[in-house]
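Data block below; observations after.
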Amino acid sequence: MRSGRGQARDAVEGASGKVPGQGQKILVVDDEKLIQRMTRFILERSQYEVHVAGDGKEALRLARELRPDLILLDIQLPHMDGFDVLSTLRQGAEMRRIPVVLMSSLADAGDRTHGLQLGASEYLTKPIENEQDFTISIQHLLKQFRMQRTIDLQNRVIHELYRFDDKLNAI
């Protein structure tokens with residue numbers, strides 16, 4: 001029988017034995033340095049490539065520049081709050097599908113509902129109390145994002161095949 005840690009590692013690594021975070025970019029947006037460092041530490045231990053922004057404007061700039069696979073977004077930020085950042089991200093076609101996890105020290109049901117209505121994928125309270133649950137949640141969101149990208153690509157290929165077939169039939 002494997003220990004709890006061994007079982008947790010197996011759940012995170014999956015059947016392939018590869019750590020799921022390898023090569024995946026996560027943008028952490030928080031103005032609190034301690035939260036930035038703690039979140040970076042947890043994510044880098046799972047092999048994620050972590051980038052950090054300290055305010056809303058920097059978050060938008062880095063999101064456009066890096067095209068992260070996931071964004072962890074604090075609500076209370078200088079210059080532009082997390083809701084405004086999320087709303088702006090959801091307006092752009094190229095970043096509309098990136099999973100955004102709102103994180104707040106306030107467990108406010110109204111904030112959670114508002115964030116989910118704006119298109120957040122999840123709402124978590126901070127500080128992170130259970131590293132394993134946090135990491136597994138991130139892994140699942142990234143898996144859903146990858147699957148959606150694959151479906152989108154397949155749909156584009158099918159669309160192009162139909163267009164090509166129509167052109168051939170017109171000849």
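Side notes on the structure shown:
- Any hit, the stretch 152-167, residues being within 18 Å of L70 (Cα to Cα) and over 15 Å from the mean Cα position of the chain (by Cα): yes
- Taking first residues from the stretch 26-42 that are in a loop (DSSP other than H, G, I, E, B) and partners that are open to solvent by less than 10 Å² (accessible area, probe 1.4 Å), the Cβ contacts under 6 Å between residues at least 6 apart in sequence or on separate chains come to D30/D74.
- If you go through the stretch 58-71 and keep only what is without any contact (Cβ under 8 Å) to a residue 60 or more places away in the chain and either in contact with a Leu (Cβ under 8 Å, 6 or more places away or on another chain) or surrounded by 15 or more Cβ atoms within 10 Å (Cβ to Cβ) (or both), you end up with E58, A59, L60, L62, A63, L66, P68, I71.
- Meets criteria (of a type in the set (V, I, T), out of contact with any Phe, Trp or Tyr (no Cβ under 6 Å at 6 or more places or on another chain) and not in a loop (DSSP other than H, G, I, E, B)) for I136: yes
- Selected residue (only one of F41, F83 is among the hydrophobic types (A, V, I, L, M, F, W, C) and over 20 Å from S121 (Cβ atoms)): F41
- V85 vs. criteria touching a helix residue (DSSP H, G or I) at 6+ places or on another chain (Cβ under 6 Å) and either open to solvent by 60 Å² or more (accessible area, probe 1.4 Å) or assigned to a helix (DSSP H, G or I) (or both): yes
The values are calculated or read from the model by the stated rules, or taken from the named source; none is laboratory data. Predicted model only: the values in this text are computed from it and were never measured. Quick reminder, even Gly has a Cβ in these numbers, built from the backbone with ideal geometry, and neighbours come from all protein chains shown. Only protein heavy atoms, including side chains, enter the accessible area calculation; ligands, DNA and RNA are left aside. Shrake-Rupley method; radii C 1.70, N 1.55, O 1.52, S 1.80 Å.
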